[in-house]
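Notes for the one structure printed next.
The values are calculated or read from the model by the stated rules, or taken from the named source; none is laboratory data. Since the structure is predicted, the reported quantities are computational estimates derived from the model, not experimental observations. Every residue, glycine as well, gets a Cβ built from its backbone with ideal geometry; the counts of neighbours run over all protein chains shown. Accessible surface is based on the protein model in full, side chains and every heavy atom, while ligands, DNA and RNA are left aside. Shrake-Rupley method; radii C 1.70, N 1.55, O 1.52, S 1.80 Å.
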Amino acid sequence: MNYNKLVFGGHLDSDETESGSDLFPLFSQQEEKESNKLTVPESLPILPIRNTVLFPGVVFPITVGRDKSIKLIKDANKGDKIIGVFAQKDPETEEPGLSDLNTIGTMAQIIKILRMPDGNTTAIIQGKRKIQLGEQISSEPYLTAYVSPIEIEDEQQDKELNALISSIKDTATENIELSPNIPSEANFALRNIDSDNFLVSFIASNLNITLAEKQNILNSTTLKERASMVFEHLVRENQILKLKDQIQSKVKVDIDKQQKEYFLQQQIRAIQEELGHDSPDKEIQSLRERGAKKKWSLEIDEAFNKELDKLLRINPASPDYSVSLNYAQTLLDLPWNEFTKDNLDIKKAQKVLDSDHFGLEKVKQRILEYLAVIKLKGDLKSPIICLYGPPGVGKTSLGKSIAKAIGRKYVRVSLGGLHDESEIRGHRKTYIGAMPGRIIQNLKKVKSGNPVFVLDEIDKVGNDFRGDPSSALLEVLDPEQNTTFHDNYLELDYDLSKVMFIATANSLDTIQPALLDRMEIIEISGYTVEEKIQIAQKYLIPKQRVMHGLKAAQFKLADAVIETVVEEYTRESGVRNLEKKIAALVRHNAMLIASKETFNPNLSQQDIQSILGVDKLEKEIYQDNDTAGVVTGLAWSPVGGSILFVESTLTRGKGGMTLTGKLGDVMKESATTAMTFLKANADYLNIDYRVFNNWDTHVHFPAGAIPKDGPSAGITILTSLASLFTQRKIKPFLAMTGEITLRGRVLPVGGIKEKILAAKRAGIKEIIMCHENQKDVEDIPQQYLKGVKFHYVKNMLEVLDLSLMEELVKNPLDLHIDIKQDNK
């Protein structure tokens, strides 16, 4: 508190001296009441002040430097001496306008103007009452504006307010005693203040707080609120003063203690040397010798030796010693410019990849291309690949296979559920228990600067108040930036450009767009039944036999048996559940062999049912076309493709539409678009437009407990409604997928391969899709397309021509019955 700079509040008579050092009488309760009754003029000259706030009742000198302010002070002093004083929002503003001032200020009276020896003009002013700033009147020769008074209601004295005022006095008195710079007159002044309002204003004006905090106190509307704010600042200042006092009293004791510890430490070192133990100096020398053998740059070498020099100056018993020692050891353990040699035999690498995984040709081709360029050029930044596809297709295990194929070490980090940015960038070493991020930690673990680094489940990274890990990964996965990756713990740049990062994801929707842009996306789609049979025979069954200790002759499965397991006991794009079922079958034979019972090495269909049970999955199959309004669509989910039935029916009503099946907003909008398009093109289908006003439509998507969303069911919904209102049959064994627009255009959708595989499993023979999806179909091997005919369309009318038959369903609904009655 700056009580030594204070001119204590009150009233000045005109015949006072101009020395500027007089102690003014304090603001009494009576003067406070009179000030609150003063009439506030409609407009006042406005004096902007900076670096302080004027409170009602408080008197202090203001040195006036601006020409406008000097003119204002002189003119007001010749008149009624009343001015408006408002604090500037920004003290640096030289020519403040009305918008640069706080809206709450103080009406003040000029008590005296002093001419100082240095030529400056100092005005002594006293705050009278709070006012609010209105509209500007003029800016020349100085700022004038409308003002309005802020009425102060008399507050009832209660116990809480009395206790608060008493605490403020006690704390302020204690602060004065703790601070050697505050004169004793300040205590006298505090004891003689009889107005609670003035006491709060008096202390607030002299607190060591910011201008904004003082303005907040002035802005407060009640005495209790102002008192609470002032008390809070007083307590904080009191704690700082007490802490300073404690520090000063401890300095001498600490110096003596350090001297004592130094001598004791020297004695401990001498004893350790006599016993043959390594002293801290020898340990540091050992680290320095190891550092001399490292292949790091001059910058890192300097940082390392600087840390060792710092260790020599630290007491080994100090916590800082272990922090610095751990940091130095981390620098030593990292593989600076230490790389494993790549296996550049492309044929051998391909053989390894093929032996571990079936299919996945795009990924294998990309790795072999990388090896070929390294073989020709000798150096190349490692690719940053993101393998994207449903669970169980081998994304994570592929990373291990790639490491094995090119002769590199393998590292895997699971990012699922990661929320803390420090997990990637590390913690600053000043924190207790600080450590590097997961990237640096794993490189330290494998002792290689160019491993295959799998970032598993990158689509499941979260973010919260601790930071956004996906943003931290931007630097890791950017080839232009990761040459100088900055870990907060190391505080040195580390080169990650030789690391081959392979990210895995089930969905691209949740990955940050900037992060997605930095990675090379390779889609791994689901497997067909034929592929799963091959994978089971070549990989899964041999693996499970080895894991359970069986020989090849003790367990075999025919292709037909594996097909039964795939179709009736699993429903997935990958092979994870298939492996679990095969493991159950292997365990059954293992138990019989261990029990020395008779067993069948070639399990049959009947054996499968007895071992795995009868809990078969219902196979998705095409249903008949005998009912109007039932159409087969194609859907995609993270676990693969499936067929989706759209059912619609009519009831007599007033043209309403109901949608059920736990649908998302996008699917609901598709249904609305389909209905609007159908109404607009009713003549094309020979539908009487009056039908729409006499019948209610209900569209349902079965499996009501499963959430459904997305635009790809658009053409299916429209075809269902068209079939319903025309009562025409849908072409048999037909499925479709595509988004529609209000103009009837058909737009492309994703997940084509998974949808085609689902259609084949269900017995579908014809598929309708957007013509722009033709390129996606051409990318699929021909063996997956056998037995399916594709129709590529551009608009919805083509879809309706292809899907609706001229034949009506049995017992068609007479949609015109109501219309006929209306016509009668």
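Other residues within the sphere of radius under 9 Å centred on the Cβ of L332, judged by their own Cβ, net out at +1 (K and R +1, D and E -1). Using θ = phi - 60° in the Karplus curve 6.51 cos²θ - 1.76 cosθ + 1.60, the 3J(HN,Hα) couplings for segment 404-412 round to 5, 5, 9, x, 10, 7, 10, 10, 9 Hz; x is entered for Gly and Pro. Applying 1/(1 + (r/R0)^6) with r as the Cβ-Cβ distance of T210 and S318 and R0 = 45 angstrom yields a FRET efficiency of 0.75. For segment 291-371, applying the loop criterion from DSSP together with a ceiling of 15 other beta carbons within 10 Å to the trypsin sites (Lys or Arg not before Pro) yields K293, K295, K341. Checking every one of the chymotrypsin sites (Phe, Trp or Tyr not before Pro) in segment 392-470 against DSSP loop status and a limit of 15 other Cβ atoms within 10 Å picks out Y431, F465. Using the alpha carbons alone, the radius of gyration of the chain stands to its Kirkwood radius in an Rg to Rh ratio of 1.16. The alpha carbons of segment 743-784 stretch over 34, 21, 15 Å along the principal axes, in descending order.
Amide H contacts of R412 (H built 1.01 Å from N, in plane; Pro and chain starts excluded): V454 sit under 5 Å, all sequence-distant by 5 or more or on other chains.
For A503, the residues whose amide H sits under 5 Å from its own are I385, C386, L387, L455, ignoring neighbours fewer than 5 places away on the same chain, with H placed 1.01 Å from N. The three principal axes of the C-alpha atoms in segment 431-533 carry coordinate ranges of 54, 33, 28 Å, sorted with the longest axis first. On the beta carbon distance between T63 and E232, with R0 = 35 Å, the FRET formula returns roughly 0.70.
At full extension, D90 and E160 could sit 21.6 nm farther apart than now, given 0.36 nm per residue minus the alpha carbon distance.
Under 5 Å between amide hydrogens, built in the peptide plane, is the criterion, and for K112 it picks out I124 among residues at least 5 positions away or on other chains. Within the chain, which is the longest segment that contains none of the GluC sites (Glu not before Pro) sitting in a DSSP loop with at most 11 other Cβ atoms within 10 Å? The reported range is 154-479. Sequentially through segment 507-514, phi angles give Karplus couplings (6.51, -1.76, 1.60; θ = phi - 60°) of 8, 8, 5, 8, 8, 4, x, 5 Hz, Gly and Pro residues having no value and appearing as x.
Going by Cα centres, segment 682-746 and segment 395-431 are how many Å apart? Here the two parts' Cα centres lie 48 Å apart. Just so you know, the averaged projected area of the alpha carbon convex hull for segment 652-802 sits at 8.9 nm². Here the Karplus curve 6.51 cos²θ - 1.76 cosθ + 1.60, taken at θ = phi - 60°, turns the phi angles of segment 353-363 into couplings of 4, 5, 6, 9, 9, 8, x, 6, 5, 4, 5 Hz, with x standing for Gly and Pro.
Counted over the chain, the DSSP beta bridges are approximately 60% antiparallel. Of the solvent-accessible surface of the chain, computed with a 1.4 Å probe over protein heavy atoms with every protein chain present, carbon and sulfur atoms account for 50 percent.
Counting only protein heavy atoms and a 1.4 Å probe, the chain has 51 square angstrom of accessible area per residue. In segment 301-427, Rg over Rh equals 1.13, where Rg is the alpha-carbon radius of gyration and Rh the Kirkwood radius from pairwise Cα distances. In plain terms, the C-alpha convex hull of segment 312-355 casts an average shadow of 5.5 nm² when viewed from every direction. Its alpha carbons considered, segment 580-731 gives a radius of gyration followed by a Dmax of 23.2, 78 Å. A cut-off under 14 angstrom between Cβ atoms defines the neighbours of S803, and their net charge, with Lys, Arg +1 and Asp, Glu -1, is 0.
Could you tell me the ratio Rg/Rh of segment 500-568? Both radii from Cα atoms, Rh via Kirkwood. When Rh is taken as the Kirkwood radius, the ratio is 1.18. Extents of segment 463-520, largest first, come to 34, 30, 15 Å (Cα atoms, principal axes, whole angstrom). Taking 23 Å as the straight-line reach from the Cα of K348, the lysines in range (excluding those fewer than 8 positions away in the same chain) are K362, K364, K375, K377, K381, K395, K400, K404, K409, K498, K538, K543.
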